[in-house]
Amino acid sequence: MKIIEDNHAYVNSLLVVIILMPIFLIIIFTISFSFTLANDSAGDLSADMLKDSSRDVENQLNRISSEAMHNLSRILLENKHPCTNSTKTLRVMIQDAVDNLTGKYIQRGIMINCTIINIYPSDDPYCFDVYYRINSTFINDSSKNIVNKEKITVSMVDSAYPVYDVYPLFRVNVDIANDSYVYRVDDVAYHNATSGLIFKRCPYEDYTGHAHSNLTMLDCLNNHYYHFSHDGLCVFCRLENRSTCPHAGLETFIIPTHRLNESTSSVDHVYFNESASGHYNGTIRDFNESFIYLDNAHGGKYGF
Ligand SMILES: [Zn+2]
Ligand SMILES: [Zn+2]
């Protein structure tokens, strides 16, 4: 009888184990599954955080580069001294500003290394190119990282950070008044002449149209706009006070004050060119109460 009871108990406990086993298994499986899920979403979240931080820095590079270019030109304007290597100086200034920004991510546990590799004059002379490499990782987990290598093209004319044309300052005696240079030169035609202080893109992109409307020509002169030019100097060569420039360049007009039949051409790179062959004359081109002097090549370019 005792043996039968014991057997009964044994069978009962076996049954309990058999019934409970799958429940245990389900519980263990569910726990481990939700743990994996939680781990995965934490992983996704940290990857997103890294991506967002990296993108934040990249999104600010354009503004930082614009501001650095504005500051570089302003410093040269204030010091009245050209730069020996303007792309290198600008690269260092952008790097400093970027380091200042990326330093703020360290408190959040994120290490961002953004290296400004190089600065080049762009094919578009109103812009410059910034090449950079960015590497973002967690301070406590370097297994997760994001690397990106890119180029951005930064405008020097559509931003809140105007870029000063310091070139006239290095070439002749000038004063500054109302965002213009006033030429304190002996040359009768150019005594008190004016040209622009800030680079601005001429909106009249069909250049030959300048001469076809007095309003266009006057608006261009009054605003001291700059034009594409193969012979003109780029912004970087202007910052370095060079005489020639291998890059896509710009030209603007120096507006003379006295009417003569002819005088030095009013295109800035012609006026500033020191070589005897380059300093060529232009004939007077009249429109309403204003006038400039243009040589034949530039006369043709602007539709005269
Ligand atoms: Zn123009
Ligand atoms: Zn150049």
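Derivation of every value follows stated rules applied to the coordinates shown; laboratory data play no part. Only a predicted model underlies this, so the values are computations on that prediction, with no experimental measurement involved. Using ideal geometry, Cβ is built from the backbone for each residue, glycine included, and neighbour counts are taken over all protein chains shown.
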Could you name the aspartates and glutamates whose alpha carbon sits less than 12 Å from that of Lys144, not counting residues in the same chain fewer than 8 places away? Asp44, Asp48
Cross-link pairs beyond the 23 Å C-alpha cut-off, checked among Lys104/Lys200; Lys88/Lys151; Lys200/Lys301; Lys104/Lys149; Lys51/Lys104: Lys104/Lys200
Contour minus Cα-Cα span, Arg63 to His258, at 0.36 nm per residue, comes to 66.0 nm
Give me log10 I(q)/I(0) at q = 0.19, 0.20 Å⁻¹ for the range 45-155, Debye formula, one equal scatterer per alpha-carbon, no solvent. -0.93, -1.00
Report, largest value first, the span of the C-alpha coordinates of the range 214-255 along each principal axis, in whole Å. 33, 16, 12
Residue-wise, which Karplus ³J(HN,Hα) couplings in Hz belong to the range 246-258, taking 6.51 cos²θ - 1.76 cosθ + 1.60, θ = phi - 60°, and x for glycine or proline? x, 9, 5, x, 10, 9, 9, 9, 9, 8, x, 10, 10
Inter-site label distance for Asn118 and Asn288 at 7 Å from Cα along Cβ, in nm: 4.7
Gyration tensor verdict on the range 185-237 (Cα atoms; rounded if a/c is under 1.5, prolate if a/b is larger than b/c, oblate otherwise): oblate
Would you pull out the residues with amide H under 5 Å of Arg201's amide H, same chain only if 5 or more places away, H placed 1.01 Å from N? Tyr226
In this structure, the FRET efficiency calculated for Lys144 and Asn79 from their beta-carbon separation, with R0 = 45 Å, to the nearest 0.05, is 0.50
Note down, for the range 167-301, the three equivalent ellipsoid semi-axes (square root of 5 times each alpha carbon gyration tensor eigenvalue), biggest first, whole angstrom. 20, 18, 15
